[in-house]
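Here's the structure, in structure tokens; my notes come after.
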Amino acid sequence: MQTHILPSFKMTALLLALCSGIYTVLVWGVAQLAPNQGKGVVIEQNGKTWYANIGQTFDDDRYFWSRPSAVNYNAAGSAGSNKGPSNPDYLALVQARLDTFLAHHPGVSRNQVPADMLTASGSGLDPDISPRAAHIQVARVARVRNLPETRVRELVEQYVQGPVLGIFGPSKVNVLKLNLGLDQLK
């Protein structure tokens with residue numbers, strides 16, 4: 001037994017230094033190369049500060065709605081709902097979201113509503129929606145703001161981001177950036 005104690009202490013010290021020290025410094029160093037030194041994408045407009053890489057609550061009819069959040073957009077509690085697709089509570093929540101969406105979007109049928117307008121992402125903080133989810137909201141936003149639908153649709157197209165390097169991931173629309181752009185329309 002004594003022949004194993006010293007090597008186990010050495011291995012513990014080595015792994016502690018590697019995982020808690022060297023790895024942490026390495027990740028911090030890489031973050032320094034990222035925009036804003038890894039502290040997030042900050043947008044300042046009208047005296048307010050926003051973080052574009054964290055989902056925000058937008059549920060007013062004047063704005064494009066965000067993807068639902070399982071954590072009420074609390075970045076400190078990032079998590080999914082952990083409820084499966086057969087869970088009755090989860091199904092009731094999705095149905096309530098669908099009913100709300102359809103009540104605010106007359107003329108849209110149940111099967112036209114994109115899944116990202118009804119379900120939360122794994123982190124519960126997704127700042128993006130699909131272009132389809134943005135386009136389905138154009139009529140409501142244009143009607144409430146008394147804007148031509150074509151102008152609002154053009155604005156959505158300005159904020160569509162294609163896949164990374166043209167191949168990685170889906171196209172997406174950052175809801176915060178789109179809504180801030182919407183506020184700047186005259």
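The orientation-averaged projection of the convex hull spanning the C-alpha atoms of the chain amounts to 16.3 square nanometres.
What's the FRET efficiency of Asp183 with Thr12 using the Cβ-Cβ distance as r and R₀ = 45 Å, to the nearest 0.05? Could the numbers behind the result be given before it?
Values: r = 55 Å, r/R0 = 1.22.
Computed FRET efficiency for Asp183 and Thr12: 0.25.
Using C-alpha pairs under 8 Å with a sequence gap of at least 6, the mean separation divided by the residue count of the chain gives a relative contact order of 21 percent.
When the stretch 3-92 is described by a simple charge dipole with +1 on each Lys and Arg Cβ and -1 on each Asp and Glu Cβ, the residue from Pro88, Ser69, Leu26 located farthest towards its positive end is Leu26.
Taking Cα centre as origin and charging only the Cβ of basic (Lys, Arg, +1) and acidic (Asp, Glu, -1) residues, the dipole magnitude of the chain rounds to 120 debye.
Length available on full extension from Val108 to Val164: 0.36 nm per residue minus the Cα-Cα distance, which gives 17.1 nm. Spatial offset of the stretch 168-186 relative to the stretch 67-101 amounts to 23 Å, using the alpha carbon center of each. Restricting the calculation to alpha carbons of the stretch 6-85 gives Rg and Dmax of 19.8, 66 angstrom. Per residue, the chain reaches -12000 deg cm²/dmol at 222 nm when only DSSP H runs of four or more residues are counted, each adding -39500 (n - 2.57). Cross-link partners for Lys83 among the aspartates and glutamates, with Cα-Cα distance under 19 Å and sequence neighbours closer than 8 places in the same chain left out: Asp116, Asp126.
For Ala103, neighbours were defined as the other residues whose beta-carbon sits under 15 Å from its Cβ, and their charges (Lys and Arg +1, Asp and Glu -1) total 0.
Every read-out reported here was derived from the displayed coordinates using simple, explicitly stated rules and does not represent laboratory data. All of these numbers come straight from a predicted model, not from anything done at the bench. All Cβ positions, even for glycine, are placed from backbone atoms using ideal geometry, and neighbour counts span all protein chains on display.
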